[in-house]
1. Of the residues that make up region 62-76, is at least one small (Gly, Ala, Ser) and open to solvent by less than 40 Å² (accessible area, probe 1.4 Å)?
2. So Lys195 ticks every box in (1) away from the ligand (no atom under 13 Å from the Cβ); (2) basic (Lys, Arg); (3) in contact with a Lys or Arg (Cβ under 9 Å, 6 or more places away or on another chain) but one. Which box is left unticked?
3. Would you call Val205 under 17 Å from Val161 (Cβ atoms) and touching a Gly at 6+ places or on another chain (Cβ under 9 Å)?
4. Find all pairs meeting these conditions: Cβ atoms under 6 angstrom apart; at least six residues apart or on different chains; first residue within region 253-280 and in the same structural domain as Val241 (by TED's automatic domain parsing); second residue small (Gly, Ala, Ser) and not in a helix (DSSP H, G or I).
5. Regarding region 137-150, can at least one residue be identified that is of a type in the set (Gly, Ala, Ser), in contact (Cβ under 8 Å) with a residue 40 or more places away in the chain, within 13 Å of the ligand (Cβ to nearest atom) and on the phi > 0 side of the Ramachandran plot?
6. All but one of (1) open to solvent by less than 20 Å² (accessible area, probe 1.4 Å); (2) among the β-branched types (Val, Ile, Thr); (3) assigned to a helix (DSSP H, G or I) hold for Ile93; which doesn't?
7. Just one of Ala201, Ala252 is out of contact with any Leu (no Cβ under 7 Å at 6 or more places or on another chain), open to solvent by less than 20 Å² (accessible area, probe 1.4 Å), away from the ligand (no atom under 16 Å from the Cβ) and not basic (Lys, Arg); which is it?
Amino acid sequence: MILIDGKKIAAELRKELKEEVSNLKIKYKKVPGLSVILIGDLAPSQIYVKNKEKSAIEVGLKSNIIKYPDTVKEKVILDKIDELNKDETVSGILVQLPLPNHIDKQKVIEMIDPLKDVDGFHPINVGNLSSGYQSMIPCTPLGCYLLIKNIESDLNGKKAVIIGRSNLNGKPMAQLLLKENCTVTITHSKTKDLKAECLAADIVVAAVGIPELVKRDWIKKDAIVIDVGINKTDKGIVGDVAFDEVSKNAKAITPVPGGVGPMTIACLLKNTIECFKRSQVL
Ligand code: NAP
């Protein structure tokens, strides 16, 4: 069994990105900039944003966090995004989710210039990804994709089962694997026999939010298992996969924590640099 060490792979990716940033600095006399809008004081959001900033600075990006209280008016956020869209020193814009109820998430996402959309949530990027065109790819599925490719470079004809159909994870993950010529099944809460679907899969990506849903007898021998889930339980943070038992069957598996999580942040940095590079050739 291969333990897919997301921490190590993410560290290697960050090292490559750091080198790339210093080359870009020499070539363009400037560095990519990431602006993050953080609304309210939800503890997990504060931690995510802090980690994003720390990693951005480590690879040499310019990082800017713009904080608002959770009473902020929607228009203030939309105006700020408009300002960042026009600011040439800003390569990527991220609005940390979730948003307070009075702010329309769709309006906010659609306000971000698709060329600065480091999260890949803008409908233009979603459409481009599903059409197989160049697009910004959401960070977590991009991270999962890189982990899978790290184990198996040729995915032609593999059967992939994605558990969960969120815009954030399941759907873009399916598009990425489809592009690699996998036969992809997207499952969800109304799927009739999830175990049978998983048992047929060479690759299982679980992005559900149910602690240890995926059991050992759901996974065929030699499958690759990617666990996106982050679930707080009495025994600490666990994934959507029962790691101890599934790891006995799988060919390769990501742990939680230390699997997909570190890749998500590394891919955010990668996307910021990608936005910068695209803006330089326009
Ligand atoms: P989400 O938006 O809540 O979507 C969950 C999906 O799981 C939905 O499509 C839902 O189906 C499906 N589902 C629920 N119960 C199911 C069941 N019994 N069988 C099969 N499918 C079921 O979740 P998300 O935002 O994608 O996040 C999923 C997990 O990933 C969470 O634990 C989250 O914390 C974690 N996460 C981790 C990272 C990271 O960096 N590692 C990043 C983002 C999220 P319906 O559509 O039918 O409701």
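1. There is at least one residue in region 62-76 that is small (Gly, Ala, Ser) and open to solvent by less than 40 Å² (accessible area, probe 1.4 Å).
2. (1)
3. Spelling it out, Val205 is indeed under 17 Å from Val161 (Cβ atoms) and touching a Gly at 6+ places or on another chain (Cβ under 9 Å).
4. Every condition considered, the pairs that remain are Ile253/Ser247; Val256/Gly239.
5. no
6. (3)
7. Matching residue, one of Ala201, Ala252: Ala252.
Residue by residue, here is whether (1) of a type in the set (A, V, I, L, M, F, W, C); (2) surrounded by 18 or more Cβ atoms within 10 Å (Cβ to Cβ); (3) assigned to a helix (DSSP H, G or I) holds:
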| site | (1), (2), (3) |
| --- | --- |
| Glu245 | no, no, yes |
| Gly258 | no, no, no |
| Ile265 | yes, yes, yes |
| Leu268 | yes, yes, yes |
| Ile273 | yes, yes, yes |
| Arg278 | no, no, yes |
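The values are calculated or read from the model by the stated rules, or taken from the named source; none is laboratory data. Values in this document were obtained by computation on a predicted structure and should not be read as measured data. Note: ideal-geometry Cβ built from the backbone for every residue, glycine included; neighbour counts use all protein chains shown. Each accessible area value is taken on the protein alone, full model and side chains, heavy atoms only, with ligands, DNA and RNA left out. Shrake-Rupley method; radii C 1.70, N 1.55, O 1.52, S 1.80 Å.
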